[in-house]
Amino acid sequence: MFHSKYVKFACLIVVLSVLFCICIWMLNNQDITSEPQSVQSERENLAQKEPIKEVSVNPVQKYYKDNLEQEVSKFISKAKSSQNNDLEFSKLQMKFIKATDVLNEKYIENIDINDSYYKNNWVKLPCVEGSYFYSVNSEYLLNNYGKYLSSAYREWLNFIIKRETVMQDGGLIVPPDTLREYIISLEKFVEQYPDFVLISDAKDYLNSYLMTYLEGIDNSPIFDKWNTRKMLPEFKSSYEKFLSVNKDSKYYSMVEELYNKSKENNFVWDSDFDSWLYEYHKKYFAE
């Protein structure tokens, strides 16, 4: 009888031990793949504070890769084995110019002036009246492709670099006498390189400079029409220098005619002189 009770008691102990072990096992393995609520909440807070950053792509850099990179590679590949690359480069240069037109139309509102891509690259960001825009970097073109070009084209690119500092917003940003120097330089360029691939562009610039020099433009008139009505001193002195040191210029007679007529009128602008200037323009600049 005693032995039977002992056996039952022992079985009960075994059963209880097994149940205890099962409980311990279940507690240790419950939701082992999940985090405690506090840890999970903390992770969600961090995710909200530190969102995944998307890699931004410079639209100008992408445009170059998609539309210009292959064209540049083709030009360089051909230019390395050719002695006359001016025509092909002029086509490439035009593609660069058209590219900036597209960029200014599509991406001008999102210009990041601090982007390192614009440091010494094919496109630059000049600023006019507080607004930036895309423009071809002629200095970059000269430095990177000049070795494949003729001396005439290299000289032309140098001129384009200077041209960018001549006029802005309908006014001169250089003294009239600097414009005189550019006119003389362009005149010599046209005479020296009559077969230059962009000679028509050179002549257009020369004509534009001459007209600005001899008639003025909106924000850079040659006469102070609203106050003294007299010819501005910087134009008068430049005309006198032209007549003194540029006697071999084909435009000497044009400057002389304007200067002498102004002198006859005491260098004063009035309605009669304005009528004369209109005829002067038709004589030399009207097509």
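Since every read-out is calculated from the coordinates, none of them should be taken as a lab result. No experiment lies behind these values; they were computed from the predicted model shown. Methodologically, a virtual Cβ is constructed for each residue, glycine included, from the backbone with ideal geometry; neighbour enumeration extends over all protein chains shown.
Details
- Some residue of the stretch 188-210 being under 30 Å from Ser271 (Cβ atoms) and among the basic types (Lys, Arg): no
- One residue from Ser200, Ser262, Ser238, Ser208 being surrounded by fewer than 14 Cβ atoms within 10 Å (Cβ to Cβ) and of a type outside the set (Phe, Trp, Tyr): Ser200
- Filtered residue count, the stretch 242-279, keeping only those that are aromatic (Phe, Trp, Tyr), assigned to a helix (DSSP H, G or I) and in contact (Cβ under 8 Å) with a residue 60 or more places away in the chain: 1
- Residue check, Val190 part of a loop (DSSP other than H, G, I, E, B) and hydrophobic (A, V, I, L, M, F, W, C): no
- All positions within the stretch 129-182 that are assigned to a strand (DSSP E or B) and under 23 Å from Met211 (Cβ atoms): Met167, Gln168, Gly171, Leu172
- Restricting the stretch 165-176 to residues that are of a type outside the set (A, V, I, L, M) and surrounded by fewer than 16 Cβ atoms within 10 Å (Cβ to Cβ), the residue that is nearest to Lys80 (Cα to Cα): Thr165
- Within the stretch 75-94, being basic (Lys, Arg) and outside any helix (DSSP H, G or I) holds for one residue alone: Lys80.
- Among the residues making up the stretch 59-74, those that are in contact (Cβ under 8 Å) with a residue 24 or more places away in the chain, surrounded by fewer than 18 Cβ atoms within 10 Å (Cβ to Cβ) and in a helix (DSSP H, G or I) are Pro59, Gln61, Asn67, Glu71.
- Taking the stretch 83-110 as the range and being small (Gly, Ala, Ser) and under 12 Å from the mean Cα position of the chain (by Cα) as the test, only Ala99 passes.
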